[in-house]
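Notes follow once the structure below has been shown.
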């Protein structure tokens, strides 16, 4: 095929454009990212060692361009909202408060869901051990624990606004005015 960028553009631009559009759902942005992808392809075509890998190589560059866009957008959003960078240390007090809030709210769950969380999350039973203790199927135990986690998460998110880092660590809590927020 050769490494003529015009031929590459004619052969792959439509497919790459569709791929980008499926990820960003914005035609103008997809066009911009497609252009950026081809600039990178043009600038780095000399580093391609195996012509048979051209398409995979181009898609990898395109994925990198898309990821770079979202990283940049996330950083700008944090700056606009005055949120701390991910590199900041988590607030141990916020994490402790979040755990205390969860424990308080577990009492509001239906008894079988509260029990599922108490035994698996607080007492450290595996879901398999939990299933054996209750005499229910392993898949039934897994479903119950997952439903309980979702119920608890929904209750927490209705109560307060939590800011997490990329690992799920609570960085800050912004009370929204419920029973657990009275002490914050």
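The values are calculated or read from the model by the stated rules, or taken from the named source; none is laboratory data. All values reported here derive from a predicted model rather than from experimental measurement. Here the Cβ is made from the backbone with ideal geometry for all residues, glycine too, and neighbour counts use every protein chain on show.
Summed over the range 83-117, the residues that are farther than 17 Å from residue 161 by Cα, modelled with pLDDT of 75 or more and touching a helix residue (DSSP H, G or I) at 6+ places or on another chain (Cβ under 7 Å) give a count of 9. For the range 160-181, taking the residues that are under 13 Å from residue 104 (Cβ atoms) and touching a strand residue (DSSP E or B) at 6+ places or on another chain (Cβ under 8 Å), the one that is modelled with the highest pLDDT is identified as 160.
Quick grid of which residues meet (1) more than 23 Å from residue 172 (Cα to Cα); (2) buried (at least 16 other Cβ atoms within 10 Å of the Cβ); (3) touching a residue at least 12 places away in the same chain (Cβ under 8 Å):
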site: 116; (1), (2), (3): yes, yes, yes
site: 125; (1), (2), (3): yes, yes, no
site: 128; (1), (2), (3): yes, no, yes
site: 132; (1), (2), (3): yes, no, no
site: 138; (1), (2), (3): yes, no, no
